[in-house]
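Student: Here it is: the structure, laid out below.
The values are calculated or read from the model by the stated rules, or taken from the named source; none is laboratory data. Quick caveat: nothing in here was measured; it's all calculated off a predicted structure. Positions of Cβ are generated from backbone atoms using ideal geometry, with glycine treated the same way; all protein chains shown enter the neighbour counts. Side chains included, ligands, DNA and RNA excluded: accessible areas come from the protein's heavy atoms. Shrake-Rupley method; radii C 1.70, N 1.55, O 1.52, S 1.80 Å.
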Amino acid sequence: MGKNEIVRWLREYDGRPVKIMEVCGTHTSALYKTGLRQILSPKIRLLSGPGCPVCVTPTAYIDKLVEISFRSGHRVLAFGDMLAVPGTEMSLAEARDRGASVDFFYNPEDALKKAEEEKETIFVLAAVGFETTAPIWATVVKEADERHISNLKLLTALKTMPETLGELCTAGNIDGFLCPAIRDRAVFGMITEAWSRKKEM
């Protein structure tokens, strides 16, 4: 089926109403940028799901990072989008404006390099994400160990999605998901089992 045929099918779909949830905030953004929502049949409804793991980061986690950033000899490293997430009193960006030691990085290799170059500083890496990012942080730990970098620490806030998706399936509110690639058979099995329970209800 070519692109034009797909667009026509999505626009003219006249089957039973379906609700599809995009799990990742990146998907939501892409749907708006491409205009896909505007061409869908009224019978296809897209719902925004849990979204970006940064957006659902607990306030207490931000507060802990802020507290660490004011410690002597410590520096907090985070992806740029983490800096604006509000804590109870301030965000990391606001803490930096008040003299705290906060910096951002583009990829984990940056954090490893900084820690190697400034051995007198303890770098605390804000490791945030869904379970699909866990291997990245595990790689950072492995690399730090292999390179004998002892001044790089991780403060993790990783979230798992299978339980949440399973509850949505069981509740009967969702017909399908736009998910990041699911490579873990156990995770896929949990979602499939929840989907089966929904169909039996």
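Residues checked against (1) modelled with pLDDT of 80 or more; (2) of a type in the set (Phe, Trp, Tyr); (3) surrounded by 12 or more Cβ atoms within 10 Å (Cβ to Cβ):
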| residue | (1), (2), (3) |
| --- | --- |
| 138 | yes, no, yes |
| 180 | no, no, yes |
| 190 | no, no, yes |
| 195 | no, yes, yes |
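Student: Of all residues in region 104-116, which are farther than 23 Å from residue 159 by Cα and open to solvent by less than 60 Å² (accessible area, probe 1.4 Å)?
Tutor: 110, 112, 114, 115
Student: Only one residue in 58, 53, 86 is open to solvent by 40 Å² or more (accessible area, probe 1.4 Å), within 28 Å of residue 161 (Cα to Cα) and touching a Ser or Thr at 6+ places or on another chain (Cβ under 8 Å). Which one?
Tutor: Details: 58 fails: touching a Ser or Thr at 6+ places or on another chain (Cβ under 8 Å); 53 fails: open to solvent by 40 Å² or more (accessible area, probe 1.4 Å).
Selected residue: 86, the only one of 58, 53, 86 that is open to solvent by 40 Å² or more (accessible area, probe 1.4 Å), within 28 Å of residue 161 (Cα to Cα) and touching a Ser or Thr at 6+ places or on another chain (Cβ under 8 Å).
Student: Before we move on, is residue 119 in contact (Cβ under 8 Å) with a residue 24 or more places away in the chain, open to solvent by 80 Å² or more (accessible area, probe 1.4 Å) and more than 21 Å from residue 54 (Cα to Cα)?
Tutor: Yes: the conditions hold for residue 119.
Student: If we keep just the residues of region 148-162 that are open to solvent by 70 Å² or more (accessible area, probe 1.4 Å) and more than 17 Å from the chain's Cα centre (by Cα), which is farthest from residue 116 (Cα to Cα)?
Tutor: Per the stated criteria, the residue is 153.
Student: Can you say whether residue 92 is touching an Asp or Glu at 6+ places or on another chain (Cβ under 9 Å) and not aromatic (Phe, Trp, Tyr), as far as the supplied structure shows? Break it down stepwise before answering.
Tutor: On the way: touching an Asp or Glu at 6+ places or on another chain (Cβ under 9 Å): no; not aromatic (Phe, Trp, Tyr): yes.
Judged against the criteria, residue 92 is not a match.
Student: Another one. Any residue at all in region 1-15 that is of a type in the set (Ser, Thr, Tyr), out of contact with any strand residue (DSSP E or B) (no Cβ under 7 Å at 6 or more places or on another chain) and open to solvent by 30 Å² or more (accessible area, probe 1.4 Å)?
Tutor: No, that holds for no residue.
Student: Tally up the residues in region 16-47 that are of a type in the set (Val, Ile, Thr), farther than 17 Å from residue 174 by Cβ and open to solvent by less than 50 Å² (accessible area, probe 1.4 Å), please.
Tutor: 1
Student: Right, next: Quick check on region 124-131. Is at least one of its residues surrounded by fewer than 17 Cβ atoms within 10 Å (Cβ to Cβ) and either under 16 Å from the mean Cα position of the chain (by Cα) or under 24 Å from residue 63 (Cα atoms) (or both)? Give the derivation first.
Tutor: Here is the first cut: in region 124-131, the ones surrounded by fewer than 17 Cβ atoms within 10 Å (Cβ to Cβ) are 131.
Keeping just the survivors that are either under 16 Å from the mean Cα position of the chain (by Cα) or under 24 Å from residue 63 (Cα atoms) (or both) gives 131.
Yes: one or more hits.
Student: Follow-up. Identify, from the list 98, 11, 16, the residue that is modelled with pLDDT of 95 or more, more than 21 Å from residue 152 (Cα to Cα) and not β-branched (Val, Ile, Thr).
Tutor: After applying the criteria, what remains is 98.
Student: While we're looking at this one, here's another question. Modelled with pLDDT of 90 or more, touching a strand residue (DSSP E or B) at 6+ places or on another chain (Cβ under 9 Å) and not charged (D, E, K, R): which single residue out of 73, 51 fits that description?
Tutor: The unique qualifying residue is 73.
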